[in-house]
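The values are calculated or read from the model by the stated rules, or taken from the named source; none is laboratory data. As the structure is a computational prediction, the values presented were derived from the model and not from experiment. Don't worry about glycine lacking a Cβ; one is built from the backbone with ideal geometry, like all the others, and counts go over all protein chains shown. These accessible areas exclude ligands, DNA and RNA; they are computed on the full protein's heavy atoms, side chains included. Shrake-Rupley method; radii C 1.70, N 1.55, O 1.52, S 1.80 Å.
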Amino acid sequence: SLHNEDIVKTLGIHEHDMLYVEKGGEIIPKITGVDEAAREEGAMPIKFVTHCPDCGTPLVRIPGEAAWLCPNKYGCRPQIIGRLEHYVGRHAMDIDGVGEENAALLYDAGLVRNIADFYILQASDLEQLDRIGPRSAQRILEGAEKSKSVSFDRVVYALSIPFVGETVAKKLAKGTRDIDTLMGMSRDELVAIDDIGPRIADAVIEYFSVESNREIINRLREYGLQMSLPEEEESEKSDLLAGKTIVISGVFARHSREEYKEMIERNGGKNSGSISKKTSFVLAGDNMGPAKLEKAKSLGVPVINEDRFLEMLTE
Ligand SMILES: [Zn+2]
C-alpha cells in the first residue's frame, strides 16, 4: 500500500504514524487506517519523492497506474543494470557467472554498458577486476558463448521490452519468426498476433524506434545470436485439424503437453483452456480432473487418448 501515492493520500498518512494492517485476502499485508491519536506532534504528511533518487530525473506517472517511474530509461544506472541482470537470467540468456553483483561490477568498470558488450568481454578485462577470479571469468566467457545458441523467443524475452514476459516473447517470436519482421511491424500487424494487445504493441514499437536499441540488435546479430526461429519443416505441417478446437487435459506418456499443443497448431487446430460447446474434442491423458470429464460428457464432447490422437495425425 505504501508504494501507492493514492492510498497514502487517501489515508492521510504522516511521518512516523502508527498504522492498522490487515492481511488482504488472508495473505498480503494491507494498510487499512491510521491511528491519529498516536500521531507525533508536528509530524508532516508523507511527501512522495518527485525525482529519481539515483539520476535526479523528474519522475512521471502513467495515467491510470499507481507507480511513479524514472523516464530516463537508457541513462539511469539501476535501470541499465536491471536490464543486464534480466538478460543473463536463467529464463533469458542464462549466462552463468554474471549475477546481480557482477552485473553492477561489470557496468561500473565500464566493461559492459549494454547487453551486446557481454560478447566482447576478454579474459584480460575480467582479470583486472579484484572481485572476479579467473574461474568466474572463465564461466562468464563460456556462458556468453553458450548463449549464442539460445532460441530466438528467449532472445526476445531477454531484451527487456516492457510488458514482454516469457509467454508474450514466445507469441511474438512465433508470430514474426525473425527479428527483422518483428522490428518492421506496424501496430496493426502486431495486434493481429495472438494475445498481443495495443499496450504490448506500443512497447515493442517504442523499443525498436530507439536508435541505440537497433544498434544493440545489429551487434547481437553480428556476434551470432539466434535472430530467427528455425524453419518449420513443411512436411510436419498439415491442415488435418483445421477448424478444430481442442482442449488438452491430464498427464501424458508419449509427448509433453507443450509438444501436443504445438502438434495441434502445426496441424491447423486451435488450443483452448476450457471445455465448451465449441470444443471439438478433449485430448485426455492420465489424471484428467473428474469435473472436466463430467463437463465433456454433459456437453457431448468426445474425449480421446493420446494413442488415438497420434493415429489421427498419421491417417
Ligand atoms: Zn533514474
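Remarks
- Residue pairs meeting the criteria (Cβ under 7 Å; at least 6 apart or on separate chains; first at positive phi, in segment 176-201; second outside any loop (DSSP other than H, G, I, E, B)): Arg177/Ser228; Asp195/Lys171
- Some residue of segment 9-24 being within 16 Å of the ligand (Cβ to nearest atom), among the acidic types (Asp, Glu), part of a loop (DSSP other than H, G, I, E, B) and surrounded by 12 or more Cβ atoms within 10 Å (Cβ to Cβ): no
- In the set (1) open to solvent by 30 Å² or more (accessible area, probe 1.4 Å); (2) assigned to a loop (DSSP other than H, G, I, E, B), Ile196 fails one condition alone, (1).
- Qualifying residue in segment 77-91 (condition: touching a residue at least 40 places away in the same chain (Cβ under 8 Å), within 23 Å of Ser209 (Cβ to Cβ) and in contact with a Phe, Trp or Tyr (Cβ under 7 Å, 6 or more places away or on another chain)): no
- Every condition in (1) closer than 30 Å to Gly133 by Cβ; (2) within 11 Å of the ligand (Cβ to nearest atom) holds for Gly89 except the one numbered (2).
- Taken together, Gly75, Gly97 contain a single residue that is over 30 Å from His14 (Cα atoms), more than 16 Å from the ligand (Cβ to nearest atom) and not aliphatic (A, V, I, L, M), which is Gly97.
- Out of Ile140, Ile81, sole residue that is surrounded by 14 or more Cβ atoms within 10 Å (Cβ to Cβ), within 16 Å of the ligand (Cβ to nearest atom) and hydrophobic (A, V, I, L, M, F, W, C): Ile81
- For segment 262-286, taking the residues that are among the basic types (Lys, Arg) and over 9 Å from Lys244 (Cβ atoms), the one that is surrounded by the fewest Cβ atoms within 10 Å (Cβ to Cβ) is identified as Lys277.
- Residue match in segment 109-119 (condition: out of contact with any Asp or Glu (no Cβ under 7 Å at 6 or more places or on another chain), open to solvent by less than 70 Å² (accessible area, probe 1.4 Å), outside the structural domain of Arg214 (by TED's automatic domain parsing) and hydroxyl-bearing (Ser, Thr, Tyr)): yes
- Selection within segment 26-55 - within 16 Å of the ligand (Cβ to nearest atom) and either among the hydrophobic types (A, V, I, L, M, F, W, C) or assigned to a strand (DSSP E or B) (or both): Phe48, Val49, His51, Cys52, Cys55
- Every pair of residues 6+ apart whose Cβ atoms lie under 6 Å, when the first sits in segment 41-59 and is within 23 Å of Cys76 (Cα to Cα) and in contact (Cβ under 8 Å) with a residue 24 or more places away in the chain while the second is open to solvent by 70 Å² or more (accessible area, probe 1.4 Å) and basic (Lys, Arg): Asp54/Arg77
- Positions within segment 231-261 being modelled with pLDDT under 90, under 24 Å from Thr176 (Cβ atoms) and small (Gly, Ala, Ser), in sequence order: Ser235, Ser238
- Residues that are in contact (Cβ under 8 Å) with a residue 60 or more places away in the chain, part of a loop (DSSP other than H, G, I, E, B) and open to solvent by 30 Å² or more (accessible area, probe 1.4 Å) occur at least once in segment 145-158.
- Among (1) of a type in the set (A, V, I, L, M, F, W, C); (2) in a loop (DSSP other than H, G, I, E, B); (3) open to solvent by 40 Å² or more (accessible area, probe 1.4 Å) - the single one Leu241 does not satisfy: (3)
- Segment 283-295, residues that are without any contact (Cβ under 8 Å) to a residue 40 or more places away in the chain, over 17 Å from Ser256 (Cβ atoms) and of a type outside the set (Asp, Glu): Pro290, Ala291, Leu293, Lys295
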